[in-house]
Amino acid sequence: MDRLQNFINGEYVDPIDGKWLDNYTPSTGEVSGQIPASNDKDVAKAYDAAKSAFESWSQTPIETRSRILLKLADLIAADLDTLAKAEALDNGKPLALATKVDIPRASSNFRFFGNAITQFASEAHENLASDSINFTLRQPLGVVGCISPWNLPLYLFSWKIAPALAAGNTVVAKPSEITPVTAAMLGKYCNEAGLPPGVLNIVHGKGPEAGQAIVEHANIKAISFTGGTTTGAAIARTAAPMFKKLSLELGGKNPNLIFADCDFDKMLQVTLKSSFANQGQICLCGSRIFVQEEIYERFKAAFIPAVEKLKVGPSLNSGIDLGAVVSKSHMEKILSYNALAASEGKLLTGGHQIKLEEAPEGYYVAPTVIEVATTQCRLQQEEIFGPVVTIMPFKTEEEAIALANDVPYGLSATVWTSNIDRSLRVSKALEAGIVWVNTWLNRDLRTPFGGVKASGVGREGGFEALRFFTEPKNICIQYKTNT
Ligand code: NDP
């Protein structure tokens, strides 16, 4: 049976205690191999490697760091087919999606931050009243921890690692135990790109063991975490009293506000994607759809048949729109939410598991639409993170804003309208870190990325990420004047 290994100090190694976890293929439900069940001993070993590498890496000229990251980006891009296939099989997502989005974006994360670090500058403040000049150094933090989820495995793993490395830190990173394969492959590319041993260390294992060991390590200076809100709260409870820097990118329950004056055809096409892309397992999916009452029936009459046409199948099959959800337990969680339709709303389509003849043990869920009459129900308040959306009508702009904001989360929101004034009014009033108007998942890596309320603390992306992974130190020098 295939076994993945930890990547520590530039070498692939077995877990110290020799314990392993099974890794499953969502499309078939079969065990595909094993991964290290690492613990605090493996994290300590990874930390030691990262600590030894820090002095040299933090003093490495920016041009050299940049060149290595750009090379890493090239190597990932060159192995697109292999990586995309591995990602699709490990996660359950359609191969086409991994080929078009996941792997190209993982490559562009390294390319973006490889370039961004060459443009990253700090500030100077001259004070004429005291004949002094201040300048602010931006120094790397030291050894940092990066912990990522399973929905966009290599993409989100690299989204953290790339800025951390670019800024001169060394890293102990843990991918989700549920989707470890492409993260494990990354070590090989790091060596080929010339990343010195110990600069990036990848430890596999369960969150409460390997992940927790990273969070509670006394000398790991910062934690960049993406995952669920409950996990984020647990991490904050451990890390905050240790005064670690924390970036928490957490869950979402994002509203999709559709006004009667929108471009209906474009909205419909994009709403299918924002509802069901990656089986609805993108933190930015618009899982709560609100439609202005004038077009509510028209929307339902167009949306439901389009949802019913979506093809669900194994990752490597061509022509599929949705693959399998990531695990058996996640499928069961999604189905338990679908069952709430009976008491909280009306099931318009889907709601059930799909048993494919060719893969009867795979984790397939039919794309599901549930009509609700209130935001005060579990289907509207709790993150499901699957191919499930609720729909509900609204009358006025004010009502739409109130419904959208009536949720503990605040990651992203989508607004469909042709009225520029409304688009600005509504965008300003929405409680979200990211608002898209007449578009969705339109990403520019320079922009701040993150949420408000229970969706997190801090921002990733662009210089925000480089600021997070550096410590500002102000130096003030007084000079003598000739007068
Ligand atoms: P989890 O919170 O379960 O896990 C995220 C990562 O944290 C995994 O690597 C997990 O390890 C690890 N982990 C779990 N417990 C601990 C712990 N006590 N200490 C340290 N690490 C721990 O999230 P999921 O993987 O289920 O991902 C889905 C969630 O991620 C959704 O809520 C989604 O909204 C959110 N998300 C947010 C994004 C954003 O940018 N805001 C983007 C993408 C997803 P393991 O899996 O091995 O147990």
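Going residue by residue through segment 339-350, is there one that turns out to be closer than 22 Å to residue 98 by Cα and free of Cβ contacts under 8 Å to residues at least 12 places away in the same chain? No: segment 339-350 contains no residue that is closer than 22 Å to residue 98 by Cα and free of Cβ contacts under 8 Å to residues at least 12 places away in the same chain. In segment 233-254, the residue that is nearest to the ligand (Cβ to nearest atom) out of those that are touching a helix residue (DSSP H, G or I) at 6+ places or on another chain (Cβ under 9 Å) and charged (D, E, K, R) is 249. Being under 29 Å from residue 106 (Cα atoms) and within 16 Å of the ligand (Cβ to nearest atom) is a description that applies to residue 386.
Please tell me if residue 442 is away from the ligand (no atom under 11 Å from the Cβ) and open to solvent by 60 Å² or more (accessible area, probe 1.4 Å). Taking the combined requirement at face value, the residue satisfies it.
Of all residue pairs spaced 6 or more apart or on separate chains, those with beta-carbon atoms under 7 Å, a first member in segment 462-483 that is under 30 Å from residue 114 (Cα atoms) and small (Gly, Ala, Ser) and a second member that is open to solvent by 60 Å² or more (accessible area, probe 1.4 Å) and not in a helix (DSSP H, G or I) are 462/446; 462/448. Among the candidates 444, 406, the residue that is on the phi < 0 side of the Ramachandran plot, in contact with a helix residue (DSSP H, G or I) (Cβ under 9 Å, 6 or more places away or on another chain) and touching a residue at least 24 places away in the same chain (Cβ under 8 Å) is uniquely 406. Taking each residue of segment 151-171 that is farther than 19 Å from residue 450 by Cβ and touching a residue at least 12 places away in the same chain (Cβ under 8 Å) and looking for partners that are among the acidic types (Asp, Glu) and more than 13 Å from the ligand (Cβ to nearest atom) with beta-carbon atoms closer than 9 Å, six or more apart or interchain, yields 153/87; 154/87.
For segment 454-481, the set of residues classified as within 12 Å of the ligand (Cβ to nearest atom) and either aromatic (Phe, Trp, Tyr) or assigned to a strand (DSSP E or B) (or both) consists of 456, 457, 460, listed by residue number.
Beta carbons closer than 6 Å, at least 6 apart along the sequence or on distinct chains, never pair a first residue in segment 273-287 that is on the phi > 0 side of the Ramachandran plot and within 10 Å of the ligand (Cβ to nearest atom) with a second that is in a helix (DSSP H, G or I) and not charged (D, E, K, R). Within this structure, residue 257 fails the test of being of a type in the set (A, V, I, L, M, F, W, C), away from the ligand (no atom under 15 Å from the Cβ) and assigned to a helix (DSSP H, G or I).
Of all the strands (runs of 3 or more DSSP E) wholly in segment 122-226, which have at least 2 residues that are within 16 Å of the ligand (Cβ to nearest atom)? Outline the logic, then answer.
Working: elements: 124-127, 132-140, 143-147, 170-174, 200-202, 222-226.
Qualifying strands (runs of 3 or more DSSP E): 143-147, 170-174, 200-202, 222-226.
The values are calculated or read from the model by the stated rules, or taken from the named source; none is laboratory data. Model, not experiment: these values are computed from the prediction. Neighbour counts run over all protein chains shown; Cβ positions are idealised from the backbone, glycine included. All accessible areas refer to the heavy atoms of the entire protein, side chains included, with ligands and DNA or RNA removed. Shrake-Rupley method; radii C 1.70, N 1.55, O 1.52, S 1.80 Å.
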